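One structure, pasted below without further comment.
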Number of protein chains: 2
Amino acid sequence: MSTQSVQPPTPTSLSPTFRDNNKGLQTNMETDYVIVFRFATTSKAEAGKKFAELVGKLAKVGLATEVRNGDNHSLLIFVKVASEEHVNAEVYRSRVKDWIHGVRTAAPQKETKKAIEEEPLHEAERYRIIYRMITNPEEEGGAGITPKEGEWKNVESIFALHDHAYNKEWIKRWTKKYILEPQDLDEIRDRLGEKIAFYFAFTQSYFTFLVFPAAFGATAWLLLGRFSPIYAIVSSLWCIAFVEYWKHQEVDLGVRWGVRGVSKIQTKRRHFEHEKEGTDPVTGEKVQIFPATKRLQRQLLQVPFAIAAATVLGSLIATCFGIEIFISEIYNGPLKSVLVFLPTIILTTVMPVLNGILTTFAQRLTKFENYETDDAYNYAMTQKTFVLNFITSYLPVFLTAFVYVPFGSVVVPYLDVFSLTARPFAENEKQLQAPSVGSFVINPDRLRKQIIYFTVTAQIVNLGMEVIVPYLKRQGFTKYKEMQSERASKKGGSSPTPVESDHAEEAPFLTRVRREAELDTYDVNSDLREMVVQFGYLALFSTVWPLTPVSFLANNWLELRADAVKICIEMQRPIPERADTIGPWLDSLSFLSWLGSITTAALVYLFSNDGLGPDGTPKNIRGWALLLTIFFAEHSYLLIRCAVQIGISKIDSPGRQKERRDRFMIRQQYFSESLSQSQNLPQVGKFGEKITRETLEEEARQSSLRSSRLEDRFWARQRNWHETAQIGAGLIDRAAPPEEVKKMQ
Amino acid sequence: MSTQSVQPPTPTSLSPTFRDNNKGLQTNMETDYVIVFRFATTSKAEAGKKFAELVGKLAKVGLATEVRNGDNHSLLIFVKVASEEHVNAEVYRSRVKDWIHGVRTAAPQKETKKAIEEEPLHEAERYRIIYRMITNPEEEGGAGITPKEGEWKNVESIFALHDHAYNKEWIKRWTKKYILEPQDLDEIRDRLGEKIAFYFAFTQSYFTFLVFPAAFGATAWLLLGRFSPIYAIVSSLWCIAFVEYWKHQEVDLGVRWGVRGVSKIQTKRRHFEHEKEGTDPVTGEKVQIFPATKRLQRQLLQVPFAIAAATVLGSLIATCFGIEIFISEIYNGPLKSVLVFLPTIILTTVMPVLNGILTTFAQRLTKFENYETDDAYNYAMTQKTFVLNFITSYLPVFLTAFVYVPFGSVVVPYLDVFSLTARPFAENEKQLQAPSVGSFVINPDRLRKQIIYFTVTAQIVNLGMEVIVPYLKRQGFTKYKEMQSERASKKGGSSPTPVESDHAEEAPFLTRVRREAELDTYDVNSDLREMVVQFGYLALFSTVWPLTPVSFLANNWLELRADAVKICIEMQRPIPERADTIGPWLDSLSFLSWLGSITTAALVYLFSNDGLGPDGTPKNIRGWALLLTIFFAEHSYLLIRCAVQIGISKIDSPGRQKERRDRFMIRQQYFSESLSQSQNLPQVGKFGEKITRETLEEEARQSSLRSSRLEDRFWARQRNWHETAQIGAGLIDRAAPPEEVKKMQ
């Protein structure tokens, strides 16, 4: 995999149509969004009516529209902002919401125009605001368009157009630098929004942090060998440092980008189905209620789901594992070199299918759990995805490390159940015979080979799948469509192809828009998942092969750039979303890092000297020693993590400083007001007053002394503080101990 | 210990002076605070000057003063608010600070008078504000009086006067009800401030929660016996539920009392010593800096301190433990029944001394660590206190459970080193002889007896010490003083006793104030510590004796009332402080609960069937089985805790509703404004407009079409949304698939 593949395909290399119409890339016609309206399954009259309603709604919220022909029974509606006032209203609404939730320190100015002049929208924010104008419910001031859903099932997608000139320049710049600077991340944020920027920031931090374990791992590989306790400790410490640093960094980036706290702003899930309606005891508003107990019951289904998933995937993996061991280590007949690939073939064909089925099931389950907010839904879904990924990614290694090695000599003799896989090829029974209990010797290299496969081979394959496969798919699709339209024109097709009806001067632009309409939408979650799974290998198993971080370092340099290319070329321009965290994946990172402290300790104990005892025979594993190692390692881990958390919480950062500065400004303003107020306050019984008002006060005092209230008399005995001081001095004079006593004291 | 002792001593039972002057309790003379000015070791001139300065400063911030004679070379300065404006200024300052830190949702009104009318101060708040007026630095608008410190070392104390009539009524009410209701807690908060209210709220919650384990424990004691795994599991679950519920409850109470977030408002520690001065990068203010690395170095001293404390206390405990076992289980000579108390005597005499020394040392260490804020100081000090308490409270039990029982038969034979303690009394060597290795049989009842001692005897002794000892001390002190003054008057004392110079009508009041000036100040932390240590026994060891919670339930009913009596009678009226949590003790609770999952599992494994194997000989303990039990128990604990946390976080509460209501009010106001704004916005291309401006628009459009900019021409092809809709309909008409295709799809 050379760096060349990261070079963006220049427009000329894209396809014949593009080659001709290069200038289609040069302008976006000032379009903000394109809406694809598909009417293949709707009657003409209904489609027309819906369409009119759609453009009417858009016009109502201040969006201008132009319609053009799309591909295959679809229309392209070009949308641009016509009324800045409508945008301003939405900006104001969004900023008030932010302020209420503590994202902004100060309340937004009510004159939005002035506020926007003071604090102009950056590109991503503008796109986000306009998207909200299109999709927000009408009662919140939006047009209420919900793609693919409900009454708007004709609206296939809403997407923004790529800025190709910028994209080209951007990728060119990136391929030339080794490290992304904070400015680069700011740029991503300004263009693509905070959610994607957080992914890039995370991957960049991870990449930078990897330099240390890569260097240390390479040294350890040369000097310390595998399963070195020193490497294991350093690697665990690194995991703690990285995860905690990233938590710190998230806060900093959140403040830097002005999004700290946005995850608290929850949007209601459209698919939420309420069971009954009630009145909110707080606001008096009507609220839709779904009983929490009922949801809990549904959530409990996650347990059988997780067990079923683990069983299904686990038995597939265990079967393949068993077959592999049988063939590679027991079977001794012909075609062994071919048969050894059998489990890999089974895995690569069956696994994606199973995984797909389980993911669909997880989605259904999450929908069934009926969450009220999008965040809760995503969180629940991410958790399930993590569980599935955990099983498929790490279970094979767990089986090797904690079943095959310690119990290999017990289990392997029973593997002749798998002899039927090789029976057709065996020449005699002896080739299929498992060794008797005790005679089998485990292959200590198996674990290392497996780790190398997962951390090098699989990573490269993955990267290739991400960049090259979609490219080929796109090429094939284009070809297919060209052939189709050729066939149609040969037949003398009834409906004109869209291209024919285009204005000549717009044709290249429209061709390009039709192409972008066909692209996939970018899902930042899948990229994040990939990074988290990768981190898991590092945390859980890198002690097996200390070069793991070196491989990841190289991979991630490419990954960062490949993702940029993917977003620019293979996907629709993503709709900017805000975020102040990488979300539930952060919990997964912490969990993997914690679990790593256990697996690493276990691996180091089990495999020191490759799992062989001092005399070369498989080591005699003592249960209490293994468990004590784990107990000690895990609790040290938790203690150190606690210390690191405290330490890191004390580190200052530009973001935190900015936050404090904002606070300070407001506080100073208020305090200076309150101080100037109190400085003008009168002093009680000021000296000057006493002289002028003396007689008056004396009289009042005397009357007080004669007053019937004990309290009044008590407080009137001394006229003012001077008199108090005087009387006090007298009392001191009388009561003070003689000087000699004082000296003794 | 009967409930009678909780009855408050009525004033008539207090002392002869009080008996005569019962009406001294009836009025506080409208005094807000009393300042004790002591000049025993200062020269007359200096004392007079300082005194004048003191009353001058108080007058400057709007406080009126009266001076009276105190006891033993002291003056009593009575302080009351003279200028409400000054109070208002301080209230405003405090509320702005709260708002900046997010404690208040809305910014305070600048006209404070109106704000205070809208939201009047309750008693505790008023006392707090006035105390701040006296003690705040002058640059923050206070008088800058710092008792016992720096230039104000003559100021011995500042305290408020008890409201005896209320106190009497309050305690009477409490002794008559079984359960404290939220209103009772609100009342404490209104009177004594949030910090003390949080202690009572915590103890009340703990008390209520104890009902369940008490009932279950009693059942388990009857039916399941000791070391029952079922009781262990239920008890661990209860610990999780209680700690997590309390965390939830804290938030609720914080909101209810309007103090949520006050712990974020940090006050600078007066004793903080800076190393250098710098400029804050954020605010540009001068800041005092103490390098964090240097503090870290100093904090590292905690490690040797903890080790030293553990060694010193541990060896004392271990020695006493060894002696006790030697005498009770090996020694067989005369005086055995007396000698057996030897270790208890050593422990009860040496332990408090050692503990005192170590606490002083911990204080010095914490001071040396030089924290910037009071909160950080308190946190560090509390941690050290917890470590000391942990060792003294739990180490004896740990020794019995995890050294004596499993290793008893190995260790005990070596205990004859302690024979010298009994040698003087022994009649022959045989009485001192340790059994040979293997022949010694552990006493399985020892652990249970120890637990009963700690959970019943020690609790009762403790309660007694808290209530009765101070009462006796006070009585003795009064007697001593009476004798002293009698002797002085016999001798014909030189200085008049303060009583002689009192105005007759004030005399009873002043006598009472002098008495209150001598009382101790109340420290809520020591009461909290007591509760946390008690919770520790429950979490760590209650499986040994399931009646533990029953004992605690009874004890805490008394404790709650005894503490109320203590605050009202034996202590000065506490100065109200705010808090939104019980502070670092919460961490201690979590830690103990966690540790409990480990010890309980270990105890259940080690002691099932009293630590005897099926054949009656000491059980053969298998290391791996013990560790596996612990591993399983601990991880189940963590998993369940996580689930409970999620579950509890979803529970709504009145406090949370209040918070949401406040937010909602502000949001609604802003949103209604923004909506009314956007409803007036023009609709793009409204039908009406089109007709009137048609010609004008048409012309503009035509000119646009002729314009040189491609973009302008693109957007001018359709005049408005009606035209877009029309053209769209046309396109649909032409491009729609024939009806038969549609049906197929």
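Just so it is clear, none of the values below were taken in a lab; they were calculated from the coordinates. The structure presented is a predicted model; accordingly, all values stated were derived computationally and were not measured. Note that each Cβ is placed from the backbone with ideal geometry, even for glycine, and that neighbours are counted across all protein chains shown.
Treating only the Cβ of Lys, Arg, Asp and Glu as charged (+1, +1, -1, -1), what charge dipole size does region A:263-350 show about its Cα centre? Round to the nearest 20 debye.
360
Using only the alpha-carbon atoms of region B:341-419, report the extent along each of the three principal axes, biggest first, to the nearest angstrom.
53, 26, 17
Okay, moving on. Using 0.36 nm per residue, how much length does the chain from A:Val338 to A:Arg364 gain when fully extended, once their Cα-Cα distance is taken away?
Taking A:Val338 through A:Arg364 to full extension adds about 5.4 nm, to one decimal.
Using alpha-carbon positions, what is the distance between the centroids of region A:161-201 and region B:339-365, in Å?
Using only Cα atoms to place each centre, the spacing works out to 66 Å.
Could you calculate the FRET efficiency of A:Thr208 with A:Lys148 from 1/(1 + (r/R0)^6), where r is the beta carbon distance between them and R0 is 51 Å, rounded to 0.05? Could the numbers behind the result be given before it?
Details: r = 40 Å, r/R0 = 0.78.
Taking R0 as 51 Å, the efficiency between A:Thr208 and A:Lys148 is 0.80.
Using the Cα centre of region B:198-353 as the reference point, and only Cβ charges (+1 on K/R, -1 on D/E), how large is the resulting charge dipole? Debye, rounded to the nearest 20.
About 360 debye.
Would you mind getting me the FRET efficiency between A:Leu296 and A:Trp174? Use the beta-carbon distance for r and R0 = 30 Å, nearest 0.05.
The value I calculate is 0.05.
Projecting each Cα onto the charge dipole of region B:29-160 (Lys/Arg +1, Asp/Glu -1 at the beta carbon, about the Cα centre), which of B:Ile116, B:Val34, B:Val103 comes out farthest on the positive side?
Toward the positive end, the furthest listed residue is B:Val34.
Tabulate in residue order the Karplus-calculated ³J(HN,Hα) for region A:240-249, using 6.51 cos²θ - 1.76 cosθ + 1.60 with θ = phi - 60°, rounded to whole Hz; enter x for Gly and Pro.
Result, ordered by residue: 4, 4, 5, 4, 5, 4, 5, 4, 5, 5 Hz.
Quick one: check the C-alpha center-to-center distance for region B:318-333 versus region B:45-103, whole angstrom.
Between the Cα centre of region B:318-333 and that of region B:45-103, the gap is 61 Å.
Hey, another quick one. With viscosity set to 0.890 mPa s and temperature to 25 °C, compute the Stokes-Einstein D of region B:261-382, Rh being the Kirkwood radius across alpha carbon pairs; µm²/s, no decimals.
The Stokes-Einstein estimate is 136 µm²/s.
Taking the label point 7 Å from Cα in the Cβ direction, how far apart in nm is B:Ala625 from each other copy of itself, listed shortest first?
Ordered by increasing distance: 2.1 nm.
Rounded to the nearest 0.05, what FRET efficiency is calculated for B:Thr279 and A:Tyr379 with R0 set to 41 Å and r the Cβ-Cβ distance? Before the final figure, lay out the partial values.
Numbers: r = 43 Å, r/R0 = 1.06.
With a Förster radius of 41 Å, E is 0.40.
Under the convention of a label 7 Å out along Cα→Cβ, give the distances in nm from A:Thr521 to the same position in every other copy, shortest first.
Label point to label point, same position, other copies: 6.2 nm.
Once you place label points 7 Å from the Cα toward the Cβ at A:Ala45 and A:Gln484, how far apart are they in nm?
In this crude spin-label approximation the distance works out to 3.0 nm.
So, one more: Taking the Cα centre as origin and putting +1 on Lys and Arg beta-carbons and -1 on Asp and Glu beta-carbons, what dipole magnitude results for region B:288-405, to the nearest 20 debye? Walk me through the numbers before you get to the answer.
Values: 7 positive and 6 negative charges, 56 e Å.
Charge dipole, region B:288-405, about its Cα centre: 280 debye, nearest 20.
Compute the normalised compactness of region A:497-566: alpha-carbon radius of gyration over 2.2 N^0.38 Å, N being the residue count. Write down the numbers at each step before the final one.
On the way: Rg = 20.8 Å, N = 70, 2.2 N^0.38 = 11.1 Å.
After normalising by residue count via 2.2 N^0.38 Å, the value is 1.88.
In whole Å, what are the Cα extents of region B:29-160 along the three principal axes, biggest one first?
The principal-axis extents, from largest down, are 52, 30, 20 Å.
Under the 0.36 nm per residue contour assumption, what length would be gained going from the current alpha-carbon distance of A:Val461 and A:Met665 to full extension?
Separation in residues times 0.36 nm, less the Cα-Cα distance, equals 68.1 nm.
Taking H as built 1.01 Å from N, whose amide H comes closer than 5 Å to the amide H of A:Glu577, not counting residues under 5 places away?
A:Glu194, A:Lys195, A:Ile196
Still on this model: Would you mind counting up the charge near B:Pro576? Only other residues with Cβ under 10 Å from its Cβ, with Lys and Arg at +1 and Asp and Glu at -1.
+2
Moving to a separate point now. Net charge around A:Val397, counting only other residues with Cβ within less than 13 Å of its Cβ (Lys, Arg = +1; Asp, Glu = -1)?
+3
Note down the Stokes-Einstein diffusion coefficient of region A:171-276 in µm²/s, whole number, using a Kirkwood radius over alpha carbon pairs, 20 °C, and 1.002 mPa s.
127
How charged is the neighbourhood of A:Glu518? Take every other residue with its Cβ under 10 Å from the Cβ of A:Glu518, and add Lys/Arg as +1 and Asp/Glu as -1.
Details: positive: A:Arg474, A:Lys481, A:Arg514, A:Arg515; negative: A:Asp71, A:Glu516, A:Asp520.
Net local charge, A:Glu518 excluded: +1.
Still on this structure, I have one more. On full extension of the chain, what length is gained from B:Lys473 through B:Ala165, given 0.36 nm per residue of separation minus the C-alpha to C-alpha distance?
Gain on stretching B:Lys473 to B:Ala165: 108.5 nm.
For region B:125-167, take every pair of Cα atoms, bin their distances at 5 Å starting from 0, and report each bin as a whole percent.
With a bin width of 5 Å, the distribution comes to 6, 21, 22, 22, 14, 8, 5, 1.
Using amide H atoms built 1.01 Å from N in the peptide plane, name the residues 5+ places from B:Ile582, or on other chains, whose amide H lies under 5 Å from its own.
none
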